[in-house]
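Taken together, the values in this text are just the output of simple stated rules run on the coordinates, not laboratory data. All of these numbers come straight from a predicted model, not from anything done at the bench. Using ideal geometry, Cβ is built from the backbone for each residue, glycine included, and neighbour counts are taken over all protein chains shown.
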Amino acid sequence: MSADPSISQTDIAGVVVLYNSPPDCLENIRTYRAQIDRLYVVDNSPITSPWITSTLLNDPGIRYYPFPQNVGIATALNVGAQQAISDGYQYLLTMDDDSRAPANLVSSMIHYLTTNQSDSVGILAPKHILSALVSEQPTPERARANEVITTMTSGNLVNLAAYKQVGPFDDGLFIDVVDHDFDLRLKAAGYRIVELTNLYLIHRLGTQKRLPLTSLTFVSHSPARNYYLIRNSILVARHHWKHTPGYSLTAALTILIEAAKIGLFEDQKLVRLRLVLKAIHDAIRYRKGPLSQD
């Protein structure tokens, strides 16, 4: 295995997934659009927003893929990955609509890939920082590499040769834990997940709510997201038990944290509790896909 000194910006496409995204996400897209050769915009919104047609589609390097209904994050990422492969790209930058990239995101990743064993890297990731915890973009001095088991989707540079080897993102998971499942499949195939720990990506995770009578906050998800987090954590832990048994602890911790937040701090407790029980029931039955109301 060796470094590839030929990797450049022209080898890199990107994908961003929209879902009823506000106009200010255009500013997020602008933070990385010029860093990649082409951007695939996959829109899960039922109606195309005016800011997309009036501004975003004026860029000839952007390809727009609208869906009449929400097909989930996994399917949307697969649209971008498969189109990038068809168009001859080697790497795919995966972005959430609420993430802002530092100006040196892609250049730092290219530098790492051209000076290290790039063919063994399945995903190159930045360090994710919740937007509620910072007032401005941190300025890294240099990129340091740290191998991790899993990482969040946004800001990742996916090796498309590895993607083709391990298969697409699991459409059945729909949303949540899709990234962890893909990461674990890469690890099982011998690829590394490398985090550049001084390369920061500001990311918003859920809604920040303040704890009563304190200045502390916690991440709050919708009841439906509680369902997906718990169901998919169980499904992924069961699937990867043999080669990554330690991930079961991560899944168990996720379930305990979500249950504790529901019991102590969240509203709609009965609705959330019902969906938690449904999530466990569906996971035991290996039931995937979007949340059903039966």
Residue-ordered couplings for the range 79-87, obtained by feeding phi - 60° into the Karplus form 6.51 cos²θ - 1.76 cosθ + 1.60 and rounding to whole Hz (Gly and Pro as x), are 4, x, 5, 5, 5, 4, 4, 4, 8
Could you give each residue of the range 19-33 its phi-based ³J(HN,Hα) in whole Hz, using Karplus coefficients 6.51, -1.76, 1.60 with θ = phi - 60°, and x for Gly or Pro? 8, 6, 6, x, x, 5, 6, 4, 5, 5, 4, 5, 6, 10, 4
To the nearest 0.05, what FRET efficiency results for D119 and K209 with a Förster distance of 41 Å applied to their C-beta separation? 0.40
Those residues of the range 180-207 whose amide nitrogen sits under 17 Å from the label point placed on N146, 7 Å along Cα→Cβ: 193-203
Computed, not fitted: 222 nm per-residue ellipticity of the chain from DSSP H runs ≥ 4 (each -39500 (n - 2.57)), nearest 500, equal to -11500 deg cm²/dmol
Apply the Karplus curve 6.51 cos²θ - 1.76 cosθ + 1.60, θ = phi - 60°, to the phi angles in the range 248-263 and return the couplings in whole Hz, x for Gly and Pro. 4, 5, 4, 5, 5, 5, 4, 5, 5, 5, 4, 5, 5, 5, 5, x
Contour minus end-to-end for I129 and Q293, with contour as 0.36 nm per residue of separation and end-to-end as the Cα-Cα distance? 55.6 nm
Which far-off residues, 5 or more places away or on another chain, put their amide H under 5 Å from the one on N156, with H placed in the peptide plane? T94
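Could you compute the FRET efficiency for F265 and N20, with r as their C-beta to C-beta distance and R0 at 22 Å, rounded to 0.05?
It comes out at approximately 0.30.
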List the residues of the range 32-47 whose backbone N lies under 20 Å from a point placed 7 Å from the Cα of D4 along the Cα-to-Cβ direction. 35-40
Need one number: nm distance between label points at A188 and R30, each 7 Å from Cα along Cα→Cβ, rounded to one decimal. 4.3
Near the amide H of D43, under 5 Å away, which other amide H atoms are found, from residues 5 or more places off or on another chain, if H is placed in the peptide plane? L18, Y65, F67
Two pseudo-spin positions, 7 Å from Cα along C-beta at A103 and at L277, lie apart in nanometres by 5.5
Just rank L249, L57, L235, fewest to most, by other beta-carbon atoms within 10 angstrom. L249, L57, L235
